[in-house]
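Everything on this sheet refers to the single structure shown next.
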Amino acid sequence: MRKPTQHQIETTIPNVFALREPHQSFDPLCATNDELIAHGFPIRPGGDPSSKIYEHWANFVSLKRDWVIPKLIELPARKGLVQRISRSSSHGRNIPQLVSIGVDR
């Protein structure tokens, strides 16, 4: 059985972990790529820090977040990958919706 890292917490399913909320002093703009990954943030883009890509990344990682600890429920497996696909219309577009999935164990 795996143990959570210092940045993870256990969930209701064995060996499935959620990320802890980073400490208030954690600044993703100053963090290393390893620290970003450990806290669930995307790594810093390479190249020019004045580029649009870097600007978008910096805006994204700087957003205020509400951290949610999930309450997971393990469902019994079903045979086959897709049980049924239905189609619904949303604003005139025909959108497939996956209704039920299952995986053999």
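The values are calculated or read from the model by the stated rules, or taken from the named source; none is laboratory data. These figures come from a predicted structure and were not determined experimentally. Positions of Cβ are generated from backbone atoms using ideal geometry, with glycine treated the same way; all protein chains shown enter the neighbour counts.
When Phe17 is evaluated against the numbered criteria (1) among the aromatic types (Phe, Trp, Tyr); (2) modelled with pLDDT of 90 or more; (3) closer than 28 Å to Met1 by Cα, which criterion, by number, is the only one it fails?
(2)
If you go through the range 70-80 one residue at a time, do you hit one that is outside any loop (DSSP other than H, G, I, E, B), basic (Lys, Arg) and either touching a His at 6+ places or on another chain (Cβ under 6 Å) or at pLDDT 80 or above (or both)?
No, that holds for no residue.
Of the residues in the range 5-21, how many are within 11 Å of His39 (Cβ to Cβ) and in a loop (DSSP other than H, G, I, E, B)?
Within the range 5-21, residues that are within 11 Å of His39 (Cβ to Cβ) and in a loop (DSSP other than H, G, I, E, B) number 5.
Determine the pairs where a residue that is closer than 14 Å to Phe60 by Cβ, located within the range 19-41, has a partner that is of a type in the set (Lys, Arg) and modelled with pLDDT of 90 or more with Cβ atoms under 9 Å apart, the partner being 6 or more residues away or on another chain.
Here the result reads Pro28/Arg44; Leu29/Arg44; Ala31/Arg44; Leu36/Arg44, each pair linking the range 19-41 to a residue that is of a type in the set (Lys, Arg) and modelled with pLDDT of 90 or more.
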